[in-house]
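A short write-up of the structure that comes next.
The values are calculated or read from the model by the stated rules, or taken from the named source; none is laboratory data. Everything quoted here is computed from the prediction, not taken from an experiment. Glycine also receives a Cβ, built like all others from the backbone with ideal geometry; neighbour counts cover every protein chain displayed.
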Ligand SMILES: [Zn+2]
């Protein structure tokens with residue numbers, strides 16, 4: 001009996017059982033059939049039938065059996081087959097595109113990146129993505145393609161594969177899944193980049209085994225991804241997690257969104273640079289002045305560098321940004337009760353400069369309500385998290401039996 005879910009075949013139970021087995025192997029790496037039965041709660045005969053199908057299709061491999069101590073059949077460890085195929089993960093940030101080819105184990109098999117030219121249209125950038133992915137696949141010659149996952153900045157309609165708005169690129173209503181799907185193999189899955197980051201951390205990074213999680217990306221903008229009971233929560237319109245536009249100071253500066261005192265106006269990279277510039281112009285002494293930097297062209301990275309060198313003005317700016325993040329995250333923690341907070345994005349590279357005041361504020365504002373401090377940790381996958389996670393979204397759809405990978409024959413072999 002082969003494993004080949006066909007559309008319209010109501011084999012939901014079988015799909016669920018396959019998911020349990022594939023997901024257990026992802027989490028544990030290598031398991032015998034009896035381990036799988038114990039962990040998934042499936043009967044040994046059910047495990048046997050599903051494993052046989054997955055082995056025949058090449059999704060699993062049997063590893064060399066461990067030396068047994070007694071007589072009888074030794075358990076044969078099973079694992080996901082790293083040669084089974086490739087999922088492509090694409091991350092489109094405001095300034096560049098990263099493309100990774102990832103196998104079933106989350107291992108990166110190839111990488112490409114390019115800068116987004118100022119004023120480039122979405123169509124131009126997606127054409128470049130298509131060219132790069134096709135070249136990458138032609139070089140790798142994978143057995144099959146599980147699909148292409150795309151993380152985008154700004155609100156995304158995940159169901160329709162549509163980018164609603166990319167604030168820093170000025171793109172609106174781009175049918176990304178349709179445009180890429182017409183030219184690339186396998187299903188195309190589109191989501192917000194922070195959600196992709198969270199999915200990557202959940203499967204292969206700092207959030208492995210965690211069911212309830214908030215992942216916050218602090219960069220040019222600020223966004224959050226919410227994971228509830230092990231799955232991404234998107235909300236009714238797909239905009240859940242727009243933490244950059246929650247109010248943290250009712251008297252605060254006006255935001256691009258029209259409101260006042262949004263988190264993004266007080267803790268994003270541009271906000272950090274702006275706060276430092278404002279103090280410099282007030283004549284506050286600083287290393288930034290000693291270094292001859294122009295207040296009007298400061299970057300958050302300059303402020304971080306000065307803070308690390310002991311500059312008081314810069315440390316103060318990061319302490320404030322961390323405090324505002326702590327206020328917003330405390331509100332989220334009290335609303336959602338996550339067991340961990342992960343912080344990623346460019347500004348998060350400042351590390352404890354940002355995380356210490358954040359943790360302090362979070363602890364102060366949740367004390368007495370939550371039983372303990374919610375751990376706040378940096379992400380593990382770094383700048384690759386979004387693209388790896390976009391690939392994981394594709395793999396998850398395959399694991400759940402929602403999509404069928406495409407055997408590559410359109411590319412010359
Ligand atoms: Zn706003």
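Against the list (1) modelled with pLDDT under 95; (2) on the phi < 0 side of the Ramachandran plot; (3) surrounded by 14 or more Cβ atoms within 10 Å (Cβ to Cβ), the condition residue 407 fails is (3).
Considering the range 139-188, the qualifying strands (runs of 3 or more DSSP E), each wholly inside and each with 1 or more residues that are touching a residue at least 60 places away in the same chain (Cβ under 8 Å), run over 144-152, 162-166. With respect to residue 321, is the statement that it is within 25 Å of the chain's Cα centre (by Cα) and not in a loop (DSSP other than H, G, I, E, B) true? Considered against the rule, which asks whether it is within 25 Å of the chain's Cα centre (by Cα) and not in a loop (DSSP other than H, G, I, E, B), residue 321 comes out as yes. Determine whether residue 22 is surrounded by 14 or more Cβ atoms within 10 Å (Cβ to Cβ), at pLDDT 95 or above, over 26 Å from the mean Cα position of the chain (by Cα) and more than 22 Å from residue 138 (Cβ to Cβ). No; evaluated as a whole, the condition is false for this residue.
Could you go through the range 319-339 and let me know if any residue there is farther than 17 Å from residue 361 by Cα, assigned by TED's automatic domain parsing to the domain that holds residue 251, touching a helix residue (DSSP H, G or I) at 6+ places or on another chain (Cβ under 9 Å) and surrounded by fewer than 23 Cβ atoms within 10 Å (Cβ to Cβ). The answer is no, given that none of the residues of the range 319-339 is farther than 17 Å from residue 361 by Cα, assigned by TED's automatic domain parsing to the domain that holds residue 251, touching a helix residue (DSSP H, G or I) at 6+ places or on another chain (Cβ under 9 Å) and surrounded by fewer than 23 Cβ atoms within 10 Å (Cβ to Cβ).
Residue 303: crowded, with 17+ Cβ neighbours inside 10 Å, assigned to a helix (DSSP H, G or I) and either within 23 Å of the chain's Cα centre (by Cα) or away from the ligand (no atom under 16 Å from the Cβ) (or both), yes or no? The answer is yes for residue 303. May I ask you to verify whether residue 225 is more than 16 Å from the ligand (Cβ to nearest atom), at pLDDT 95 or above and touching a helix residue (DSSP H, G or I) at 6+ places or on another chain (Cβ under 9 Å)? When the stated conditions are applied, residue 225 passes them.
Using the structure shown, decide if residue 238 is under 23 Å from the mean Cα position of the chain (by Cα), closer than 25 Å to residue 227 by Cα, more than 16 Å from the ligand (Cβ to nearest atom) and buried (at least 17 other Cβ atoms within 10 Å of the Cβ). For residue 238, the condition - under 23 Å from the mean Cα position of the chain (by Cα), closer than 25 Å to residue 227 by Cα, more than 16 Å from the ligand (Cβ to nearest atom) and buried (at least 17 other Cβ atoms within 10 Å of the Cβ) - is met.
Of the numbered criteria (1) under 24 Å from residue 94 (Cβ atoms); (2) modelled with pLDDT of 95 or more, the one residue 281 fails is (1). For the range 247-266, a tally of residues being buried (at least 18 other Cβ atoms within 10 Å of the Cβ), near the ligand (Cβ under 10 Å from one of its atoms) and under 11 Å from residue 327 (Cα atoms) returns 1. Selection of the range 12-41 for residues being under 20 Å from residue 204 (Cα atoms) and not in a helix (DSSP H, G or I) yields 29, 30, 31.
Among the residues making up the range 42-59, those that are touching a helix residue (DSSP H, G or I) at 6+ places or on another chain (Cβ under 9 Å) and not in a helix (DSSP H, G or I) are 42, 43, 59.
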